[in-house]
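As structure tokens, the structure follows; a few thoughts come after it.
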Amino acid sequence: MSPSEAGAKEAPKYTKKDFESDQDVRWCPGCGDYAILSALQKTMPDLGIPKENIVFISGIGCSSRFPYYMNTYGFHTIHGRAPAIATGLRVARPELKIFVVTGDGDGLSIGGNHMLHVLRRNVNLTILLFNNRIYGLTKGQYSPTSELGKVTKSTPVGSADRPVNPLSFALGCGATFVARTVDRNIPHMDEMLKRAAAHKGTGFIEILQNCNVYNDLAWNVIYDRESKVQHELRLEHGKPLLFGPPDDRRALIMRGVTPKVVRAKDVPESTLWIHDETNVNAAKLLADLFAPDFPIPVGVLTAVEAPVYEDLILQQEQKAISERGPGDIAKLLTSGDTWKIS
Amino acid sequence: MGQIATPATGAEKSRKALDRAVIRFAGDSGDGMQLTGEQFTTESAWAGNDLATLPNFPAEIRAPAGTLFGVSSFQLQFGSQRVYTPGDRLDCLVAMNPAALKVHLRDLKTGGLLIVNTPAFDKRNLDKAGYATNPLDDPTLAERYRLHKVDMTGLTHEAIKDLPLNTKEKDRTKNFFALGLVSWIYTRPLEPTLDWIKKRFAKNKDIAEANTRVLKAGHAFGETAEIFGEHYAVEPAEMAPGLYRAMTGNRALAWGLIAAAQRSKLPLVYGAYPITPASDILHELALHKRFRVRTIQAEDEIAAVTAAIGASFGGAIGVTASSGPGIALKSEGIGLAVTAELPLVVLNIQRAGPSTGMPTKTEQADLMQALYGRNSEAPVVVLAPATPGDCFYIAYEAVRLAAKYMVPVLVLSDGFLANGSEPWLIPDVTTLPPIEIQFRTEREGFFPYLRDSATLARPWVRPGTPGLEHRIGGIEKQDVTGNISYDPDNHDHMVRTRAEKVRRVAQEIPPTSINGPATGDLLVVGWGGTYGSITAAVEQAQTAGKSVASIHLRHLNPLPPDLGHILREYRKVLVPEINSGQLVRVLRAEYLVDAVGFNRVRGLPLPSEEIYEAINQLLGSTP
């Protein structure tokens, strides 16, 4: 077995209940995290991985309470550092399946550096970034994904910093799997979780999540039924980029090097943009698009293969052992220049 | 100067026996002084001497040639008796250029041997060193020291004029001339260096030939030039029998970790970010993949420590290292390991600070940081090696204690120990204490914070163990169950429990060994890299008939259980440290003894002469 393949042995038949811990869930009533927790507990049995080989690792923030509620191994660590902890764990124990749960503040502000490096190293783990565009646990300051001019307690006349786009960030870091899903779309979340978990390398999912206390309906553009029909662009590999209501389908096409929205019936089929998950450059263009001028891409932007960090480390180790045998400390101590005193 | 002297005729030159000698090679960063010193060290080790070394080099990789700050030096003391330090005052200084002379002359004993490379004393170099006139023309130099002006550059070129090398390449071999000359003066065997040249330049025969010829030319010059009236022999030291090797502190730390990982049958995961003077540990460990050593060059210091914590959580030996500034960044991570109660080893190779400070210079001012430098009550075990070779045992012990007590262990080494070397008696690894790792697999009665009654350690559970799925974290938890708890009394209990766990490590500490009388006028207490300087000074005082003893602490938290008793057996207590008085403060607070400090914070080892003076001063003030 490749060291990256989690759960070598046959997993028992689990139900959602097997993944629920005995701890009281302490999020605010109505929080989007409940839906994500429920979706994840429901998806887990389908992954076919023995429960004891699953580890949830988080940093600090509302989302980071997640491990306490999953009946797997879990480590609730310190602010922003979950990707680094997970990297160390993977290098020590490549047979484990690791989920990193983080938020827009934890993952892109204080932990932005670790996020960059875990993605470029392509460590085999799944990252769930809950993006609610606000600091919830510290009671409502703007976050690195908040829109420019955001009025919060810490920015009474509006924030002065431009937001970062998690998808563009991840792709810029060389991520090999990047997807977006929405907390209010449980079947889609389920599908994305399975895809990301099966990916060999770092699977990065941005989950648009609602903080009903400090930033309610920040994603209303995709929650509202009418708006969703207008703006949601479901990405499907091999399918054209079409969206909008059935009576007014629109197409996302490339004109020169610029994405454009046109009426679907106005363009010949041959000029449609066919979604290709293996085309990272196309994914980079898609990642930046958002309503109102463009559709909101939802689904897998890219899924490509690349060397996995800990696999390479372990291959080097195996090579050294197979070529020269396992290390012998007594021989090491007497290697090189020595002299005897009698 | 410049011509090759005619061979001495008649009688052999006189050879004088010495107990010990202190030599320093100094030159430009590009002059190869570190290599010269290292080779001279190997030759002295072959000759059977005990020795200690002090490499001293600028932080700049290629400092501008000829400048004062670009001077690089290598000092060693070797002797026929026990050698504790690289020495204070020099018996011999080799200065390859004016800057080296200017920086180092003040350390040369009056009457000491001063060897200079004359062609380097040109207008340009004199200007750069800030000499208005050539110091070699000042007659007082030759009056105060035994000055030997040698045209090393010229003699080097002469020796290899027929070799197909360019001028620059030829120039670069002149350090071997200096090495050959000083090797002759102190009767060192050339074989180890000749062997080294053969191996090192196996692929470049011309360079190998050039270095060999120049080395021999330097040696022959000493033997034949009439200017050297005498030379010296230093008899082999009486050392414990066995197989020896030269050992630096950083390599010893790396090998100690490897030995511990092998003994515990676990992979070693080492997270590190490059930083002087700790990087060599990373370089060394990266060579030993066969031992299941997995190195992660992390994106920053925080990732380095947290990756190590992640590895520990996974049931590997998690280790990180840095120097003071990096340790500061790791503080929050160390606190996580404290409360998660995971094993973690953190090596701090201390350097002069604060902030960037003087990265290549030594200091021991991070003791308070190690003891208290984290938010809230976050006690950790703190150990400190006494010598370069001791680093091996301390690293091994750090892993053993971390795993046994489920606690972070901080090791305080320093730049002097890291780069300094000493002859090291290679231990029989089977005699090292066992490291028995027992991961919990038993489901019955399992709780994440269930405690061992002797050590208070919680069980170490590898993820992947069926039925023991559990969650840990940085939030305060209820004892035994590990569930999140904000209960005031539970927090108080956990604060005390974490402290008590560290305190119980005291049961692992052997009785403190006392160098000198068990009771008397003065006790000198040291820790870390000052061991050699203190021991040399104390033995000097003992020889002078003073009632003085010394102890050297390898365990700084918890302190040895017998320490309080020992401190009270002496009328006075002196604590020499390369800081403004940190251990002395701890001793005064812990034991209410009127200990006094001796403190110099110069980025250099403490001179034993000055400690000796401090001892006399303190004894002199005895009523």
Just one of the numbered conditions (1) over 23 Å from B:Glu299 (Cβ atoms); (2) within 11 Å of another protein chain (Cβ to nearest Cβ); (3) in contact with a strand residue (DSSP E or B) (Cβ under 8 Å, 6 or more places away or on another chain) is not true of A:Glu95; which one?
(3)
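Taking the conditions exactly as written (at pLDDT 95 or above and over 15 Å from B:Val407 (Cα atoms)), does B:Ile302 satisfy them or not?
Spelling it out, B:Ile302 is indeed at pLDDT 95 or above and over 15 Å from B:Val407 (Cα atoms).
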I'm trying to understand the selection: among the residues of region A:32-85, which are more than 10 Å from chain B (Cβ to nearest Cβ), open to solvent by 10 Å² or more (accessible area, probe 1.4 Å) and acidic (Asp, Glu)?
A:Asp46
For region B:51-59, does any single residue satisfy the condition of being modelled with pLDDT of 90 or more and either charged (D, E, K, R) or surrounded by fewer than 22 Cβ atoms within 10 Å (Cβ to Cβ) (or both)?
no
Per the filter on region B:290-308, residues more than 7 Å from every other protein chain (Cβ to nearest Cβ) and part of a helix (DSSP H, G or I) are B:Glu301, B:Ala304, B:Val305
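Only one of these is more than 14 Å from chain A (Cβ to nearest Cβ) and either assigned to a strand (DSSP E or B) or hydroxyl-bearing (Ser, Thr, Tyr) (or both): B:Phe69, B:Phe74. Name it. Steps first, answer last, please.
Numbers: B:Phe69 fails: either assigned to a strand (DSSP E or B) or hydroxyl-bearing (Ser, Thr, Tyr) (or both).
Criteria check complete, one pass: B:Phe74.
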So B:Lys477, is it modelled with pLDDT of 95 or more, within 23 Å of B:Ser453 (Cα to Cα) and within 14 Å of another protein chain (Cβ to nearest Cβ)
yes
Filter pass, B:Gly464 being surrounded by 12 or more Cβ atoms within 10 Å (Cβ to Cβ), within 9 Å of chain A (Cβ to nearest Cβ) and within 26 Å of A:Ile49 (Cα to Cα):
yes
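One line per residue, one yes/no per condition, for (1) open to solvent by 60 Å² or more (accessible area, probe 1.4 Å); (2) of a type in the set (Val, Ile, Thr); (3) over 18 Å from B:Thr85 (Cβ atoms); (4) assigned to a helix (DSSP H, G or I):
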position	(1), (2), (3), (4)
B:Ile551	no, yes, no, no
B:Pro561	yes, no, yes, no
B:Pro576	no, no, no, no
B:Leu587	no, no, yes, yes
B:Gly597	no, no, yes, no
B:Leu604	no, no, no, no
B:Ile611	no, yes, no, yes
Note on region A:111-138: residues in contact with a Cys (Cβ under 9 Å, 6 or more places away or on another chain) and within 14 Å of chain B (Cβ to nearest Cβ) are A:Met115, A:Leu116, A:His117, A:Val118, A:Leu119, A:Arg120, A:Leu137
Residues of region B:247-264 classified as at the interface with another protein chain (Cβ under 7 Å from one of its Cβ atoms) and in contact with a strand residue (DSSP E or B) (Cβ under 9 Å, 6 or more places away or on another chain), total
3
Meets criteria (over 30 Å from B:Ser80 (Cβ atoms), within 14 Å of another protein chain (Cβ to nearest Cβ) and not in a loop (DSSP other than H, G, I, E, B)) for A:Leu314
yes
Kindly check whether there is at least one residue in region A:278-286 that is farther than 30 Å from B:Ala286 by Cα, assigned to a loop (DSSP other than H, G, I, E, B) and away from every other protein chain (no Cβ under 14 Å).
yes
Looking only at region B:125-141, count how many residues are surrounded by 16 or more Cβ atoms within 10 Å (Cβ to Cβ) and in a helix (DSSP H, G or I).
7
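Just one of B:Arg144, B:Arg172 is open to solvent by 30 Å² or more (accessible area, probe 1.4 Å), under 30 Å from B:Ala233 (Cβ atoms) and among the charged types (D, E, K, R); which is it?
B:Arg144
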Filter the strands (runs of 3 or more DSSP E) completely within region A:57-150 down to those with at least 3 residues that are closer than 27 Å to A:Val300 by Cβ.
A:97-103, A:125-131
Restricting region B:265-279 to residues that are buried (at least 19 other Cβ atoms within 10 Å of the Cβ) and more than 19 Å from A:Pro94 (Cβ to Cβ), the one farthest from the other protein chains (Cβ to nearest Cβ) turns out to be B:Pro277
Scan region B:259-271 and report the pairs whose first residue is under 15 Å from B:Thr295 (Cβ atoms) and whose second residue is open to solvent by 10 Å² or more (accessible area, probe 1.4 Å) and hydroxyl-bearing (Ser, Thr, Tyr), with Cβ atoms within less than 7 Å and a gap of 6+ or a chain change.
B:Tyr270/B:Thr295
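The values are calculated or read from the model by the stated rules, or taken from the named source; none is laboratory data. Please read all numbers here as calculations on a predicted model, not as lab measurements. When we count neighbours, we look across all protein chains shown, and the Cβ atoms used for this are built from the backbone with ideal geometry, even at glycine. Just so you know, the surface numbers come from the protein's heavy atoms only, side chains and all, with ligands and any DNA or RNA stripped out. Shrake-Rupley method; radii C 1.70, N 1.55, O 1.52, S 1.80 Å.
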